[in-house]
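Report on the structure given below.
The values are calculated or read from the model by the stated rules, or taken from the named source; none is laboratory data. What you see is a predicted model, and the numbers here were worked out from it, not measured in a lab. Using ideal geometry, Cβ is built from the backbone for each residue, glycine included, and neighbour counts are taken over all protein chains shown.
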Amino acid sequence: MRRIAWIAVLLSACGALWGQEITEENFLKEENALAARFEAQSEAFSGQFAAAQSQAKRDSLTAAYNALFQQCLHAMEVLSVKYAATPSGLQRCFAVRLGLSKDTLRAVWNRLPKELRRSPYGRAVALHCRAKELRPGGKVYNLRAWNAQGRPFRLRQWRGTPVLLLYGGLGCMGASGREYLDALYAKTSREELRIVVFWPVSSPDELAALAEEYPSRYLQVSDFKGDTTPVKIRCQAQATPTCFLLDSRGRLVFKTIGLYPGKVEEYLSAKDR
């Protein structure tokens, strides 16, 4: 059971508790207050970390910061469920969906006004509730996408070859991550490994701009459905980059939040033996 599955019970038991509080304005006010508190506390941690004289102290501060981050995330999950019947609350609820149980999300969706159920984020939450959980050894969603020039791509067209699929994140990983991907592409043949980056953008122009900013020999594609792309939902991705290594049969070997070269190299080395 996920960490706040109990919210589903709270929704059914205390639905009238929030009453007139549930407005777009109030959600944004509470969200901004939560973000401001977290930012202030983060700055305090940064100052203490810079002044720390020992590794033990830095480790202690890192652990405390991680706990603070989890507390903030939990508070955001609760807030998004509380205000899910507002447009911004529903959008935030979708963003934190991976930390919520599907029972909670179904309860949220059942309480939505019809217009929000039919909205892009309402449909996205419904699809997430129906989607099967992606586990190692399972088949990865056969995404359909295009490059910036309009050339179509289907993931299954690379069946027979291992694939490293990245959900966005070329900017987030920094120059060292991009350099690793370039080197990985150069040192492997296309029979050994394929690399593709899927961007959750809304237009070919956005994709072209990203491909220009982060030029590569490997493929960069999108389905141009933006934040609510089915790829994001069916692959259970949110943070960027989320990385998926698929074997030659299209089965998931591993999924990581962030790029971990060691795991990729370990798989390729084992495959060669």
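Hey, could you check segment 185-201 for residues that are exposed (fewer than 15 other Cβ atoms within 10 Å of the Cβ) and of a type outside the set (D, E, K, R) and say which is nearest to Leu268 (Cα to Cα)? Steps first, answer last, please.
At the first step, the residues of segment 185-201 found to be exposed (fewer than 15 other Cβ atoms within 10 Å of the Cβ) are 186-187, 189-192.
Filter once more, keeping what is of a type outside the set (D, E, K, R): 186, 189.
Values: Ala186: 14, Ser189: 12 Å.
Result: Ser189.
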(request) Looking only at segment 162-184, decide whether some residue is out of contact with any Gly (no Cβ under 7 Å at 6 or more places or on another chain), over 26 Å from Glu265 (Cβ atoms) and of a type outside the set (Phe, Trp, Tyr). (result) no
(request) Considering only segment 110-131, state which residues are free of Cβ contacts under 8 Å to residues at least 24 places away in the same chain and within 23 Å of Pro200 (Cβ to Cβ). (result) Arg117, Arg118, Ala126, Arg130
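Given segment 1-101, what helices (runs of 4 or more DSSP H) lie entirely inside it while holding 1 or more residues that are at pLDDT 90 or above and touching a Cys at 6+ places or on another chain (Cβ under 6 Å)?
Numbers: elements: 7-13, 24-51, 55-82, 87-95.
Because the criterion is at least 1 residues that are at pLDDT 90 or above and touching a Cys at 6+ places or on another chain (Cβ under 6 Å), the helices (runs of 4 or more DSSP H) in segment 1-101 that meet it are 24-51, 55-82.
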(message) Condition first: over 20 Å from Ala75 (Cβ atoms) and among the aliphatic types (A, V, I, L, M). Now tell me which residues in segment 94-124 satisfy that.
(response) Leu112, Leu116, Ala124
(request) May I ask you to list pairs of residues, at least six apart or on different chains, whose Cβ atoms are under 6 Å apart, with the first in segment 208-233 being of a type in the set (Phe, Trp, Tyr) and the second being part of a loop (DSSP other than H, G, I, E, B) and buried (at least 19 other Cβ atoms within 10 Å of the Cβ)? (result) Tyr214/Leu170
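Identify, please: which residue in segment 113-163 is outside any helix (DSSP H, G or I) and among the β-branched types (Val, Ile, Thr) and is, among those, nearest to Glu191 (Cα to Cα)? Write out each step before concluding.
Keep residues of segment 113-163 that are outside any helix (DSSP H, G or I), which gives 113, 118-119, 131-154, 159-163.
If we keep only those that are among the β-branched types (Val, Ile, Thr) too, we end up with 140, 161, 163.
Working: Val140: 19, Thr161: 6, Val163: 10 Å.
Checking each candidate, the answer is Thr161.
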(request) May I ask you to list the residues in segment 187-207 that are free of Cβ contacts under 8 Å to residues at least 24 places away in the same chain and over 23 Å from the mean Cα position of the chain (by Cα)? (result) Lys187, Ser189
(request) Tell me which of these Gly262 doesn't satisfy, since it passes every other one: (1) surrounded by 13 or more Cβ atoms within 10 Å (Cβ to Cβ); (2) farther than 18 Å from Gln157 by Cα. (result) (1)
(message) It is to be established whether one or more residues within segment 63-75 are in contact with a Phe, Trp or Tyr (Cβ under 6 Å, 6 or more places away or on another chain) and either within 20 Å of Ala237 (Cα to Cα) or surrounded by fewer than 19 Cβ atoms within 10 Å (Cβ to Cβ) (or both).
(response) yes
(message) Between Leu210, Leu166, Leu219, Leu155, which is touching a strand residue (DSSP E or B) at 6+ places or on another chain (Cβ under 6 Å), under 30 Å from Cys93 (Cα atoms), surrounded by 15 or more Cβ atoms within 10 Å (Cβ to Cβ) and at pLDDT 95 or above?
(response) Leu166
(message) Among the residues that make up segment 244-251, is at least one of them without any contact (Cβ under 8 Å) to a residue 40 or more places away in the chain and either closer than 30 Å to Leu90 by Cα or surrounded by fewer than 18 Cβ atoms within 10 Å (Cβ to Cβ) (or both)?
(response) no
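Here is a check on your reading of the model: is Tyr180 in contact with a Pro (Cβ under 8 Å, 6 or more places away or on another chain), modelled with pLDDT of 95 or more, not in a loop (DSSP other than H, G, I, E, B) and not assigned by TED's automatic domain parsing to the domain that holds Ile257? I'd like the intermediate steps shown before the answer.
On the way: in contact with a Pro (Cβ under 8 Å, 6 or more places away or on another chain): yes; modelled with pLDDT of 95 or more: yes; not in a loop (DSSP other than H, G, I, E, B): yes; not assigned by TED's automatic domain parsing to the domain that holds Ile257: no.
When the stated conditions are applied, Tyr180 does not pass them.
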(request) Give Ala237, Ala186, Ala270, Ala208 a once-over and let me know the one that is under 22 Å from Ala124 (Cα atoms), among the aliphatic types (A, V, I, L, M) and outside any strand (DSSP E or B). (result) Ala237
(request) Take Ala84 and decide whether it is surrounded by 17 or more Cβ atoms within 10 Å (Cβ to Cβ), farther than 23 Å from Asn32 by Cβ and more than 16 Å from the chain's Cα centre (by Cα). (result) no
